[in-house]
Amino acid sequence: MLHQHQPMPEGDHILKVEDVSKRYGPVIALRGVSIAVKRGSIHGLLGENGAGKSTLVGIISGQFPPSGGRIVLNGTPLAHADVRAMEEAGVFLVTQESMIIDHMSAAENLMLGIWPNRRGFVNWRRLTADAARMLEGSGIDPKARAGKLDAVARRKLNILRAMFSGGKVIILDEPTAALTVADRRVLFDFMRRLKADGVTFIFISHYNDEILDVCDAVSVLRDGLLAGGSDDIGAMTSEQLSELVLGRGLALFQRERQSHEGKAPLVSFRGVVAKHVDLAALDIAPGEIVGFTGLPGAGAKEFARTIFGLNVAEAGTIAIGGAEPVPLPRAPRDAFDTGIAYLSDDRRREGSVGQMSIGDNIAMSSLPARSRAGFIDKAAESQVVDRYFQAMGIKAPTPQAAVDTLSGGNQQKVCLGRVLATEPRLLIVDEPTRGIDIGVKQDVLRIIDRLSRTGVAVIMVSTDTDELVRATDRICIFEHGAIRETLTGADISTERLRRTAQA
Ligand SMILES: Nc1ncnc2c1ncn2[C@@H]1O[C@H](COP(=O)(O)OP(=O)(O)OP(=O)(O)O)[C@@H](O)[C@H]1O
C-alpha cells in the first residue's frame, strides 16, 4: 500500500523532518516536506534529478538552514544547527566525495572526523586502538594505506569514520556509484550488519532495485514535494516506485539490436598496449553500439581512456573511415580532431565548468567547429544550445543559468549535451547514466541510440548491467587488458552478464 507516513510513537523515530521548505531565490527546492525515519532502519530517498534530495539531506546534516520547518532528532527540535552541531548530535552526511587522505592509514583516516573535546584534548593512543577495533570484521587492515583501498573499502571507511565519530544517523548520497555488482552486495551486507547494531541510514539512490533490496522504508520526492512512500518496502514494486518518482508510468527503453557482422568497420584498433591494456584487434561498424565492461582494472575503462589520449598508449593504431592506420592520439585534443568525443565518468574533474552557464558549457567543445576565421557563429551556437538543452531535459529556468546551481544529475546532462554537440564519428561514453534518474536514463539511452542511427560508432563503458543489456549491439567483457568474451544477439542478457561477471 502506498501511503504518506503514519504518525508513530516518538520513541520509534530517531529523526523527523517536519514541514521543511527551502528556497533559492525564485527556485523552490522543497515545499513542506515531512518524513519520519525509524530508529535502526535503512530509509531510502528517491526522486528525479532536481527533485530536492540533496537539498533535504543538506538541511538534515546542517550544511544550510531550511527556509521553513524543522528537524527533530530524538524528540528534540534542532534550531540553527550547523554541520558540527549535527555531527555532535550523531547525524553524518557521507557523500561520494567524502575525504579520504590517501597517504594516511585506514585507522588514521577514521580519526579525521574527531573533534577535540572541550579542553582541546585528544587521547591519540587510545583513539588509534579504538579505530583498529572499529575496523575489525570490515575486511580493512587498519594499517593499510588508504590510497591502496578499492572503491568499496573506501565507501566502508567513510561510513565507519562517521560511526567512529559517534554517528547514529548516517546519510549516504548515492554510495554505489562506481561500485561493481559484487561490491554493491558487499556494501549492502555491511549496512545490514551495522543496522542490526542500531545504526540508522538514509540512503539516496536512483536504482529501484537497490532501494527494494536494502531499504526498510522509502520516501519519494517529486518537484520538492513528498510524492509518497512506504514504511513497508516489501509491499512495493519497482513499477510503483517509478510511478511515484515520475508521476506517470515508465516506458523502459530497449534498443532494436542490430547485427553488424561482415560490415566494413568505421573504426579499427590494432595492437593497443597501455597500462592495463593489451588488445590485439577490435573493429566497430558504423552505427554500432559496443558495450565495454569488466572488473576495475580489467581494461575496459583503461582502453577507452587510451583511445581518447587520456592514458598514454605505448603502441597501437587507429583507423577511422577507411583511412590509413595512424598511431593512437597522444592527447584529447588530437583525439577530438580525429572525430572522437569522450564523456568522462568523473564529471566533477573532467566535466562541467561550474560558474559558466549551461549554454556556454554545451557550446564549449564544439565552438571551434562553428567558428569561421575566428568568428563565432552566434546563431548556430544558440541553435545547438537550445537543441541540447531541450533534448537532455535539463531542469533549469533557462540555458543562461550557472551550472553550479543545478542538481548533480542535471550537471551530468549538461556534460553529455556538450559531448554530443561535437557531432563525433566515434562517441565514447563512460557510465553515461550514472547519477541520472530513471526517467532521464531512458531519454539518454534513446539519444545515444538515435545518434548511432546516423552512422556514429559508440563505445559505452558501463558497470550498469541493465543499461548494457538494453542499449548495446555487442558487449565486450574485459580481463587482463584484453577482451575475454564477446556477447551478441540473444546472448545479451542480464542473467548471462551476471554469470560471466562471477566466472
Ligand atoms: N545553490 C543553488 N541555487 C539555486 N538553485 C539551487 C541551488 N542548489 C539547488 N538548487 C535547485 O534546487 C532544486 C533541487 O536540487 P537538489 O540538488 O536538491 O536535487 P536532487 O534531488 O539532489 O537531484 P540529483 O538527483 O540530480 O542530485 C533544483 O532545481 C536545483 O537546481
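The values are calculated or read from the model by the stated rules, or taken from the named source; none is laboratory data. Not measured: the values here are computed from a predicted model. Note: ideal-geometry Cβ built from the backbone for every residue, glycine included; neighbour counts use all protein chains shown. Each accessible area value is taken on the protein alone, full model and side chains, heavy atoms only, with ligands, DNA and RNA left out. Shrake-Rupley method; radii C 1.70, N 1.55, O 1.52, S 1.80 Å.
Residues in segment 70-95 that are over 11 Å from LEU15 (Cβ atoms), in a strand (DSSP E or B) and in contact with a Lys or Arg (Cβ under 9 Å, 6 or more places away or on another chain): ARG70, PRO77, PHE92, VAL94.
Counting residues in segment 93-108 that are away from the ligand (no atom under 16 Å from the Cβ) and modelled with pLDDT of 95 or more gives zero.
Here's the yes/no breakdown for (1) within 16 Å of the ligand (Cβ to nearest atom); (2) surrounded by fewer than 17 Cβ atoms within 10 Å (Cβ to Cβ); (3) without any contact (Cβ under 8 Å) to a residue 12 or more places away in the chain:
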| position | (1), (2), (3) |
| --- | --- |
| THR180 | no, no, no |
| LEU221 | yes, no, no |
| ALA235 | no, yes, no |
| SER238 | no, yes, no |
| LEU244 | yes, no, no |
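Restricting attention to segment 53-92, the residues that are open to solvent by 30 Å² or more (accessible area, probe 1.4 Å) and either of a type in the set (S, T, N, Q) or within 16 Å of the ligand (Cβ to nearest atom) (or both) total 9. Per the conditions (1) open to solvent by 50 Å² or more (accessible area, probe 1.4 Å); (2) in a loop (DSSP other than H, G, I, E, B); (3) in contact (Cβ under 8 Å) with a residue 24 or more places away in the chain, the sole criterion not satisfied by ARG270 is (2). Residue pairs whose Cβ atoms lie under 9 Å apart, separated by 6 or more positions or on different chains, with the first residue in segment 402-417 and in contact (Cβ under 8 Å) with a residue 24 or more places away in the chain and among the acidic types (Asp, Glu) and the second near the ligand (Cβ under 10 Å from one of its atoms) and assigned to a helix (DSSP H, G or I), are ASP404/GLN411. Quick check on my filter: what residues within segment 411-450 are β-branched (Val, Ile, Thr), assigned by TED's automatic domain parsing to the domain that holds GLN383 and within 16 Å of the chain's Cα centre (by Cα)? The answer is VAL414, and nothing else. The set of residues in segment 24-57 being in a strand (DSSP E or B) and within 18 Å of LEU406 (Cα to Cα) consists of TYR24, VAL27, ILE28, ALA29, LEU30, ARG31, LEU46, GLY47. So, in segment 246-260, of the ones that are out of contact with any strand residue (DSSP E or B) (no Cβ under 8 Å at 6 or more places or on another chain) and without any contact (Cβ under 8 Å) to a residue 60 or more places away in the chain, which residue ends up farthest from PHE478 (Cα to Cα)? Filtering first and then ranking leaves ARG248. Among the residues of segment 375-421, write down those that are open to solvent by 30 Å² or more (accessible area, probe 1.4 Å), away from the ligand (no atom under 16 Å from the Cβ) and not charged (D, E, K, R). Of everything in segment 375-421, those that are open to solvent by 30 Å² or more (accessible area, probe 1.4 Å), away from the ligand (no atom under 16 Å from the Cβ) and not charged (D, E, K, R) turn out to be PHE375, ILE376, ALA379, SER382, GLN383, GLN390, ALA391. When restricted to residues that are away from the ligand (no atom under 12 Å from the Cβ), open to solvent by 50 Å² or more (accessible area, probe 1.4 Å) and either farther than 14 Å from PHE203 by Cα or of a type in the set (S, T, N, Q) (or both), segment 16-38 contains 3.
Which residue is farthest from ALA341 (Cα to Cα), if the candidates are limited to segment 432-463 and must be open to solvent by 20 Å² or more (accessible area, probe 1.4 Å) and within 16 Å of the ligand (Cβ to nearest atom)? Among residues in segment 432-463 that are open to solvent by 20 Å² or more (accessible area, probe 1.4 Å) and within 16 Å of the ligand (Cβ to nearest atom), the one farthest from ALA341 (Cα to Cα) is ILE438. Checking each residue in segment 273-300 for being open to solvent by 80 Å² or more (accessible area, probe 1.4 Å) and part of a loop (DSSP other than H, G, I, E, B) picks out LYS275, HIS276, LEU295, PRO296.
Only one of the numbered conditions (1) more than 16 Å from the ligand (Cβ to nearest atom); (2) under 29 Å from TYR24 (Cα atoms); (3) open to solvent by less than 50 Å² (accessible area, probe 1.4 Å) is not met by LEU172, and that is (1). Among strands (runs of 3 or more DSSP E) entirely within segment 156-263, having at least 3 residues that are out of contact with any helix residue (DSSP H, G or I) (no Cβ under 7 Å at 6 or more places or on another chain) and either modelled with pLDDT under 90 or outside the structural domain of ALA300 (by TED's automatic domain parsing) (or both) singles out 225-230. Would you say ARG499 is within 29 Å of GLY249 (Cα to Cα), open to solvent by 10 Å² or more (accessible area, probe 1.4 Å) and of a type in the set (D, E, K, R)? No; evaluated as a whole, the condition is false for this residue.
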